Amino acid sequence: MEQAKLSLRDKPSARWGALALLSLTMFFAYMFVDVLSPVKTLVETELGWDSTIFGLYGGSEFFLNVFIGFLILAGIILDKMGVRFTALLSGSFMVIGALIKVYALSATFRNGGPGYDAINSFSSSIHDITGWNLPPTALCACLGFTLFGCGTEMAGVTVSRAIVKWFKGRSMALAMGIEMAVARLGVAGALWISPWLSKKFETVQAPVIFCALLLCIGLMLYIVYFFMDKALDKDIEGEEEEEAEEPFKFSDLGKVFGTGVFWIVAILCALYYSAIFPFQKFATEMLQYKVGFDNEFASRIFSVFPFGAALVTPLLGYYLDRKGKGATMLIVGSILMIVCHLTFALYPFVYDSLGSGIVAMTAIVVLGISFSLVPATLWPAVPKLIDNKVLGSAYSAIFWIQNIGLMTVPIIVGSVLDSSNKGIPEGQPKDYTLAMLVFASFGVIALLMSLLLKAIDKKKQYGLELPNVK
């Protein structure tokens, strides 16, 4: 009789199989996010973009999420429609957005193909309003990246909620750590594959096509997950834990936004990630100009960062599940991130110097450790701080606030690069000092938020320092 009460999530093979489906799709999504990052210099040469335009392109992933509050809408959809529907919707958005971006970089579009005149006219209007000289290729790529961004950020919210659903009371931090590790490997994959494909096919469109095809596979994996999740709901129908969930009400957002600890976590998240993800878009070029690496070697060296994060994150998740110390890890992770960015800002690197290469590698490894500590700790902490009834809304609200930083920081850094390099002749190394100081400043504020969160946890006993496994 006891055996008959087991649900699908009580079976390790099903539980970890569901995680594999979710993680692989996020792997493909993260590849697409940074597919152009390691070939920034080639993008500027082939498409005529500058650093400001590249930063605008990088930030465009989050435009709709920020300006129309799409991630809040994603949370509402998730709470009302469930994980299955939201997963398929997010996967569809990612694929459609990716295909628009593929078209934007194609020779057909650049030579006046369908939609070019309308995009060009819109680009001229933007120039009249903002002064940005936005090429049609950039604007069209931004439009596709914006739709893709709606999908991938919605997917991030959905995957977090799905992992809670399958792993709560079990190895939840380990599961989240593995999912994040696999996603980080997607960044490493882009850093290796993108320069190689661009060089082989002599166009920056080639790696974009490749990653768009992977996203199509990811959508099919979500379809498989759809049926697994449906079977799980049938198994757990009537369980008290699941019955505790209530339909979404707009008053739920008040419960989320009205919680002081929520704002500390959200601001910490926004500042920390603003010093990581936008940095990835500029890191390869920064290593070229700061240390003297060539493009392909620089991208492969920087891949140590996501590789390292992927290796360490599950181990930290395992440790958190059994030993705790989550709030302390947030503090250590913030400090390590500051050290990395200040190293690249202030260390006197010398071209073709073994010592400079070792310092650069060490800084990248330190950043990888930081990127393992903070995310592995942050996301499993949210269910300890927020009522499960509004957990989907809480995750989406945190992502929305995070997206404000992820949208604006690439534009700020791109503008800083262009303004601080005005007098430097084309082809000469760019000065990245001020840009790296901008990244470091976000880390300093994130550190202050981490210290505040630990103090509040000590006072109110949220359990951030306690193990997750009961």
Per the list (1) over 22 Å from Trp400 (Cα atoms); (2) assigned to a helix (DSSP H, G or I), residue check on Pro114 breaks on (2)
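Looking only at the stretch 101-111, which residues are in a helix (DSSP H, G or I) and surrounded by fewer than 17 Cβ atoms within 10 Å (Cβ to Cβ)? Steps first, please.
Initial filter on the stretch 101-111 (in a helix (DSSP H, G or I)): 101-104, 107-110.
Answer for the stretch 101-111, where residues must be in a helix (DSSP H, G or I) and surrounded by fewer than 17 Cβ atoms within 10 Å (Cβ to Cβ): Ala107, Thr108.
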Checked the stretch 97-125 for anything under 29 Å from the mean Cα position of the chain (by Cα) and under 30 Å from Leu219 (Cα atoms); matches are Gly97, Ala98, Leu99, Ile100, Lys101, Val102, Tyr103, Ala104, Leu105, Ser106, Phe109, Ile119
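How many residues does the stretch 360-389 hold that are among the hydrophobic types (A, V, I, L, M, F, W, C) and open to solvent by less than 10 Å² (accessible area, probe 1.4 Å)? Walk me through how you get there before you give the answer.
Residues of the stretch 360-389 among the hydrophobic types (A, V, I, L, M, F, W, C): 360-361, 363-367, 369, 371, 373-374, 376, 378-379, 381-382, 385-386.
Remaining after also requiring open to solvent by less than 10 Å² (accessible area, probe 1.4 Å): 360, 363-364, 367, 371, 374, 376, 378, 382.
Qualifying residue count for the region: 9.
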Residues of the stretch 422-468 being of a type in the set (Ser, Thr, Tyr) and out of contact with any helix residue (DSSP H, G or I) (no Cβ under 7 Å at 6 or more places or on another chain), in sequence order, are Ser441
Quick check on the stretch 67-76. Is at least one of its residues within 25 Å of Pro410 (Cα to Cα), modelled with pLDDT of 85 or more and in a helix (DSSP H, G or I)? yes
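Matching residues to (1) of a type in the set (Lys, Arg); (2) in a helix (DSSP H, G or I); (3) open to solvent by 40 Å² or more (accessible area, probe 1.4 Å); (4) free of Cβ contacts under 8 Å to residues at least 40 places away in the same chain:
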{"site": "Ser198", "(1), (2), (3), (4)": "no, yes, no, no"}
{"site": "Pro207", "(1), (2), (3), (4)": "no, yes, no, no"}
{"site": "Leu215", "(1), (2), (3), (4)": "no, yes, no, no"}
{"site": "Leu221", "(1), (2), (3), (4)": "no, yes, no, no"}
{"site": "Val224", "(1), (2), (3), (4)": "no, yes, yes, no"}
{"site": "Lys234", "(1), (2), (3), (4)": "yes, yes, yes, yes"}
Per the list (1) open to solvent by less than 60 Å² (accessible area, probe 1.4 Å); (2) within 20 Å of Leu316 (Cα to Cα), residue check on Tyr432 breaks on (2)
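From the list Arg84, Arg184, which one is touching a residue at least 60 places away in the same chain (Cβ under 8 Å), within 22 Å of the chain's Cα centre (by Cα) and open to solvent by 50 Å² or more (accessible area, probe 1.4 Å)? Show your work before the answer.
Details: Arg184 fails: open to solvent by 50 Å² or more (accessible area, probe 1.4 Å).
One residue alone meets the criteria, Arg84.
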Within the stretch 13-22, is even one residue open to solvent by 20 Å² or more (accessible area, probe 1.4 Å), in contact with an Asp or Glu (Cβ under 7 Å, 6 or more places away or on another chain), in a helix (DSSP H, G or I) and aliphatic (A, V, I, L, M)? no
The residue from Ala283, Ala270, Ala310, Ala266 that alone is touching a residue at least 24 places away in the same chain (Cβ under 8 Å), closer than 28 Å to Pro348 by Cβ and open to solvent by less than 30 Å² (accessible area, probe 1.4 Å) is Ala283
Within the stretch 313-328, residues open to solvent by less than 20 Å² (accessible area, probe 1.4 Å) and closer than 16 Å to Phe371 by Cα come out as Thr313, Gly317, Leu320, Gly326, Ala327
Q. Regarding Ser415, is this residue modelled with pLDDT of 90 or more, exposed (fewer than 14 other Cβ atoms within 10 Å of the Cβ) and of a type in the set (Ser, Thr, Tyr)?
A. no
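Quick check: is even one residue across the stretch 153-164 assigned to a helix (DSSP H, G or I), in contact (Cβ under 8 Å) with a residue 12 or more places away in the chain and open to solvent by 30 Å² or more (accessible area, probe 1.4 Å)? Give the steps one after another, and end with the answer.
If we filter the stretch 153-164 for residues that are assigned to a helix (DSSP H, G or I), which is where we start, we get 153-164.
So of that shortlist, the ones also in contact (Cβ under 8 Å) with a residue 12 or more places away in the chain come out as 153-164.
If we keep only those that are open to solvent by 30 Å² or more (accessible area, probe 1.4 Å) too, we end up with none.
No, the conditions are met nowhere in the stretch 153-164.
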Inside the stretch 345-359, the number of residues satisfying the requirement of being in contact (Cβ under 8 Å) with a residue 40 or more places away in the chain, surrounded by fewer than 17 Cβ atoms within 10 Å (Cβ to Cβ) and closer than 21 Å to Phe439 by Cβ is 1
Within the stretch 254-263, the residues that are open to solvent by less than 30 Å² (accessible area, probe 1.4 Å) and either touching a Pro at 6+ places or on another chain (Cβ under 7 Å) or under 10 Å from Ala397 (Cβ atoms) (or both) are Val256, Phe262
Query raised in the report: Among the residues of the stretch 448-464, is there at least one that is open to solvent by less than 70 Å² (accessible area, probe 1.4 Å), assigned to a helix (DSSP H, G or I) and free of Cβ contacts under 8 Å to residues at least 12 places away in the same chain?
Result: yes
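The values are calculated or read from the model by the stated rules, or taken from the named source; none is laboratory data. Not measured: the values here are computed from a predicted model. Neighbour counts run over all protein chains shown; Cβ positions are idealised from the backbone, glycine included. Accessible surface is based on the protein model in full, side chains and every heavy atom, while ligands, DNA and RNA are left aside. Shrake-Rupley method; radii C 1.70, N 1.55, O 1.52, S 1.80 Å.
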